[in-house]
Amino acid sequence: MRVFYYAMGPDDVNVQSFLSGITHDLANQHPTFGRHLNQIHFESQPDHAELLEAFVQDVEELSDEPFLLILDEYDRTDSADDLQAFVEQAIVRLTPDSKLVINSRTLPRLPWVSLIAQRKAVVLEDDKVVATDFYDMKTDGANLLEVNALGPGYVLLNNQPVDTWEGHLPRLLFFFALDRPVVTRSEICQAFWPDLDNDQAVNVFHVTKRRLHKALDFDVLVHEGGYYRVNPDVSVNYDIMSFVGALVKGRSPETTDKAAAWQEAIDLYRGPFLQGHSDDWIMERRQEYQAGYLEALSEMARIRLDEGRQEHALGLLLRAVGENDRFEPIHRQIMQLYADLGRRSEAAGHYQKLVERLRSDGRAPEAETQALYQSIMS
């Protein structure tokens, strides 16, 4: 496997400086790297999406074979909000053959748990750290928080429900702070109040933070070194961590009882992430955790099929379609199972319903889905 290497430098404080540095260094390792980025005039303040598209294209063209791109000394970017967001989006866009390896003395400000949920990232020894103490918070203390984000979202403080939020913003601010190891004030303001100018957004943030602390009767968010994080002296039992921990166990080749791990993930998924809210950051996370849930249902269905329990497997797959009726791999499993059960007309009917759903989106079924249908009907 080929390896490409870039060490972050002291000048990598924003996206454009990073792209300039990595283009120069990787061009020495692969002569055509930067072919797409160099067509963009950086001095004209190009669109973020345009830079991202060009960078992903350049990375994908580094090799026709699987390869590693190592970003070393990544902690130099800790204070660069736009660069953290840029790398996060690049991770999601890269194909499976392009492996991005991040080496850092600090945990990068990326949403690791959601990235792991959708199989876009792994953390070394994640089977040990995800479900235990990923964010370095105490496991016992004076204040015990039971936090559930899968479903409508609720918080228990010392076994008592918290219902004194004074609006939905303080509650959502708490869930947002749990999303990453640390966050900056600018990240919070951009996520919650992007249309306000900076001074107004900062004022609303401080009011919201005070209401959050009042609702829980202690300082939930602490400010250290320019970052906010959930108070490490609080004991937090977060269903998202348990859910992703179960996914990691199910994927691990060392897990002997995979059915138990997948079933744990299924049971923990009580509904879409923060159901009832439609903020952009919530909708993004909702899709990512949903991907993990669909994986758990699909893998459990495979186990039931191996056991000869076809009807049980079919029920699991139909449950997955009820969660996301546009995810075609699940539809293909259902069609194939109907065919295996000798219920060819139901396979055809299922396919036609999928065609209608996709047509409403201006889409057609994937080639693999069409080929399966033709195979079943022939």
For the range 37-48, indicate whether the set of residues that are charged (D, E, K, R) and at pLDDT 90 or above is non-empty. no
Filter result (over 17 Å from D179 (Cβ atoms) and of a type in the set (D, E, K, R)) within the range 262-300: E264, D267, R270, E295, E299
Exactly one of (1) open to solvent by 40 Å² or more (accessible area, probe 1.4 Å); (2) more than 16 Å from the chain's Cα centre (by Cα); (3) at pLDDT 90 or above; (4) within 30 Å of H48 (Cβ to Cβ) is unmet by Q89. Its number? (2)
Residues (among the small types (G, A, S), surrounded by 15 or more Cβ atoms within 10 Å (Cβ to Cβ) and not in a helix (DSSP H, G or I)) located in the range 232-276: S235, G271
Under the condition of being part of a loop (DSSP other than H, G, I, E, B) and touching a strand residue (DSSP E or B) at 6+ places or on another chain (Cβ under 9 Å), which residue from the range 98-119 is nearest to T184 (Cα to Cα)? R109
Which residue, of T32, T95, T77, is among the hydroxyl-bearing types (S, T, Y) and under 21 Å from S186 (Cβ atoms)? T77
From (1) within 30 Å of A121 (Cα to Cα); (2) surrounded by fewer than 16 Cβ atoms within 10 Å (Cβ to Cβ); (3) of a type in the set (S, T, N, Q), pick out the condition that doesn't hold for Q370. (1)
Return the residues of the range 249-294 that are hydrophobic (A, V, I, L, M, F, W, C) and more than 22 Å from V155 (Cα to Cα); say none if nothing qualifies. A259, A260, A261, W262, A291, L294
Considering residues that are surrounded by fewer than 18 Cβ atoms within 10 Å (Cβ to Cβ) and of a type in the set (F, W, Y), the number found within the range 142-181 is 1
Among residues of the range 63-95, those that are of a type in the set (S, T, Y) and in contact with a strand residue (DSSP E or B) (Cβ under 6 Å, 6 or more places away or on another chain), counted: 2
What residue, among those in the range 73-86 that are assigned to a helix (DSSP H, G or I) and aliphatic (A, V, I, L, M), is surrounded by the fewest Cβ atoms within 10 Å (Cβ to Cβ)? A85
Mind telling me which of the residues D267, D233, D239, D279 ends up being in contact (Cβ under 8 Å) with a residue 60 or more places away in the chain, within 20 Å of R119 (Cα to Cα) and either touching a strand residue (DSSP E or B) at 6+ places or on another chain (Cβ under 8 Å) or not hydrophobic (A, V, I, L, M, F, W, C) (or both)? D239
If I ask for residues that are within 21 Å of Y289 (Cβ to Cβ) and buried (at least 16 other Cβ atoms within 10 Å of the Cβ), which ones from the range 94-105 would you list? L94
In the range 207-231, what count of residues is obtained for those that are open to solvent by 30 Å² or more (accessible area, probe 1.4 Å) and among the small types (G, A, S)? 2
Could you tell me which residue of the range 247-284 is modelled with the lowest pLDDT, considering only residues that are of a type in the set (G, A, S) and over 26 Å from L173 (Cα atoms)? S252
Number of positions in the range 45-82 that are aliphatic (A, V, I, L, M) and touching a Pro at 6+ places or on another chain (Cβ under 7 Å): 0
R302: assigned to a loop (DSSP other than H, G, I, E, B) and within 30 Å of M241 (Cβ to Cβ), yes or no? no
For the condition at pLDDT 95 or above and in contact with a Leu (Cβ under 8 Å, 6 or more places away or on another chain), what is the one hit in L354, L305, L318? L305
Candidates A291, A339, filtered to the one that is touching a helix residue (DSSP H, G or I) at 6+ places or on another chain (Cβ under 6 Å), surrounded by fewer than 20 Cβ atoms within 10 Å (Cβ to Cβ) and small (G, A, S): A339
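The values are calculated or read from the model by the stated rules, or taken from the named source; none is laboratory data. Computed from a predicted model, the values in this text were never measured in an experiment. Positions of Cβ are generated from backbone atoms using ideal geometry, with glycine treated the same way; all protein chains shown enter the neighbour counts. Side chains included, ligands, DNA and RNA excluded: accessible areas come from the protein's heavy atoms. Shrake-Rupley method; radii C 1.70, N 1.55, O 1.52, S 1.80 Å.
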